[in-house]
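Before any comments, here is the structure.
Rule-based calculations on the coordinates, nothing more; no lab input. None of these values were measured; they are calculated from a predicted model. Every residue, glycine among them, receives a Cβ derived from its backbone with ideal geometry; neighbour counts consider all protein chains shown.
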Amino acid sequence: MNSKVACMTTRRRATISSARLALLLAAFIGFSACQTYTTGLKQDVARANELAAIAALHAIALSQQTYSVSNGGKYGTLQQLVEGGFLDPSISNSEKKDYVFTMAVGQKAGSVGEEFYSCNADPKDKPGRHFYIDSTSREMHVNATQPATSSDPTYQP
């Protein structure tokens, strides 16, 4: 009888160990799935913020063209563009969706009387791509690691 009890006890222990292992495996799979889902959500939010920055740069470029025609070839600061009704006020504080916009306006280097503007959109406190536009081209430039310039590759959607 002792051998029957010992055999049943051994089977019970094996069943309990298998159940624990299955529970641990299920917990690990659940954790991995949650982590993958969360990572995907973060990437989606970052992509949405990037698209908002790109749309804002397109709006800025169009605003600058219109402002220039209305103001004798001069370009405006973000504040001037907003105050003149050329640009949506949501960009007037130089930020939109985790991106910071920096506008430079002035004389084009090496020319007399020719105006110039450039605008950078850089991620605020998070990793992300950097974008650049200016008055010399309709192209947008992108840099993965630092503020973009006109010498960086052209943005391809």
Taking a straight Cα-to-Cα line shorter than 16 Å from LYS126, and setting aside same-chain aspartates and glutamates fewer than 8 residues away, one finds ASP44, GLU50, GLU95, ASP98
Rg from C-alpha atoms of segment 104-157, normalised by the globular rule of thumb 2.2 N^0.38 Å, equals 1.23
Phi angles of segment 129-144, converted by Karplus (6.51 cos²θ - 1.76 cosθ + 1.60, θ = phi - 60°) into ³J(HN,Hα) in whole Hz with x for Gly and Pro, give 7, 10, 10, 8, 9, 8, 7, 8, 8, 8, 7, 9, 10, 9, 9, 7
Here the residues of segment 136-151 lying in the modelled label zone of HIS58, meaning backbone nitrogen under 15 Å from a point 7 Å along Cα-to-Cβ, are 138-141
